[in-house]
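Please read the structure below before turning to the comments.
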Amino acid sequence: MTQPRTRVAVVTGAARGIGAAIAERLAADGFAVAVLDLDESTCKPVVERIEAAGGTALAIGADVCDEQAVAAAVARVAENLGTPAVLVNNAGVLRDNLLFKMSAADWDMVMDVHLRGSFLMSRAAQAYMTEAGWGRIINLSSESALGNRGQANYAAAKAGLQGFTKTLAIELGKFGVTVNAVAPGFIATDMTAETAQRIGMSFDAFKEMVAQQSPVQRIGEPADVAAAVSFFAREDASFVNGQVLYVAGGPKG
Ligand code: NAD
């Protein structure tokens, strides 16, 4: 197996939350990291933290739903940082509602960011990975893929990402590219803080309630997800392909 000279990782939705933790973890693992989010300026603090810790990073502004922007962003990564070897499709949004109240726009938005975004980013990045004969694509699914009240759009998208993961694993394995998914349970981020607000609970009370229901008696942190992503990105994880790893404090799936 050929190891590319420069190992570069691209993390989408990396300006905050789980994506920022993944970017910082991969940088600590020795990757140069493209920190990609909608607005380049919001990526700068993550880049600065990586650089302060002795790593290499680049801020990239792009909407993962925009075909032209994705092509330009991945080309910019290749030119300025090196050929992408690892892609983490982490960018995500929630537009929760019960089915009878869910708008078509909210359905489309969630499908676009999670599915179209992961498709466009993966298609652009795999060109470099297959050429190098080495690559890792890691998709962010969710325990909501198993069904969750008020999340018909999100659950469908996150279940869709599992089928997407398994199919890419079959297609790209022979090029030295593995494709796996991490499916987190409740992780404390702005996304779950917004969920607490929507259901009228304080974030602290919400976290406490979720922790009590968990076998490990705690909520998840972004670093818990980053550790699983780090494993899939490793050289010696090359025989692990097409898997969905639930990082949820208990058995799922
Ligand atoms: P978050 O809302 O804190 O961060 C998501 C990031 O994605 C934001 O920085 C946002 O700007 C970016 N983003 C959104 N749309 C984008 C687009 N079109 N192009 C580029 N960037 C875009 O969310 P988080 O909690 O850190 O979640 C990260 C991922 O993990 C998501 O895919 C989410 O669905 C998944 N996830 C989260 C949890 C959880 O409990 N927090 C659980 C399971 C799965």
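On a 1.4 Å probe surface of the protein chains, which of 101, 44, 158 comes out largest in accessible area, and what is the full order?
Values: 101 115, 44 90, 158 5 Å².
So, going from the largest accessible area down, we get 101, 44, 158.
Which of the lysines could a cross-linker bridge to residue 166, judged by Cα under 20 Å and excluding same-chain residues fewer than eight apart?
158, 174, 252
Leaving out ligands, DNA and RNA, and with a 1.4 Å probe, what % of the accessible surface on the chain is carbon or sulfur? Don't jump to the answer; show the numbers that get you there.
Details: 6010 of 11530 Å².
C and S atoms contribute 52 percent here.
Hey, can you find the accessible area per residue of the range 1-152 for me, probe 1.4 Å, expressed in square angstrom? Can you show the working numbers first?
Working: 6600 Å² over 152 residues.
I get 43 Å² per residue for the range 1-152.
Where does each of 111, 121 land when they are ordered by accessible area, with a 1.4 Å probe and the largest first?
Details: 111 30, 121 0 Å².
In descending accessible area the options line up as 111, 121.
Could you compute how much accessible surface residue 235 exposes when probed at 1.4 Å, giving the result in Å² to the nearest 10?
70
Once you list every other residue whose beta carbon is under 15 Å from the beta carbon of residue 157, what net charge do they have if Lys and Arg are +1 and Asp and Glu are -1? Could the numbers behind the result be given before it?
Working: positive: 95, 116, 158; negative: 96, 106, 108, 112, 143.
Counting the neighbours of residue 157, the net charge comes to -2.
What percentages make up the Cα-Cα pair-distance distribution of the chain when the bins are 5 Å wide from 0?
The calculated distribution, bin by bin, is 1, 7, 14, 19, 21, 17, 12, 6, 3, 1, 0.
For 165, 56, write out the residues from largest to smallest accessible area, computed with a 1.4 angstrom probe and no ligands counted.
Heavy-atom accessible area, descending, gives 56, 165.
Grab the beta carbon distance between residue 105 and residue 243, set R0 = 45 Å, and tell me the FRET efficiency rounded to 0.05.
The formula returns an efficiency of 0.85 here.
Classify the range 1-129 as rounded, prolate or oblate from the Cα gyration tensor: take a ≥ b ≥ c as the square roots of its eigenvalues, call it rounded if a/c is under 1.5, otherwise prolate when a/b beats b/c and oblate if not.
Numbers: a/c = 2.28, a/b = 1.63, b/c = 1.40.
Prolate is the answer for the range 1-129, as a/c is 1.5 or above and a/b outweighs b/c.
The values are calculated or read from the model by the stated rules, or taken from the named source; none is laboratory data. As the structure is a prediction and not an experimental result, all values here were calculated from the model. Note: ideal-geometry Cβ built from the backbone for every residue, glycine included; neighbour counts use all protein chains shown. Please note that ligands, DNA and RNA were not included when accessible areas were found on the heavy atoms of the full protein model with its side chains. Shrake-Rupley method; radii C 1.70, N 1.55, O 1.52, S 1.80 Å.
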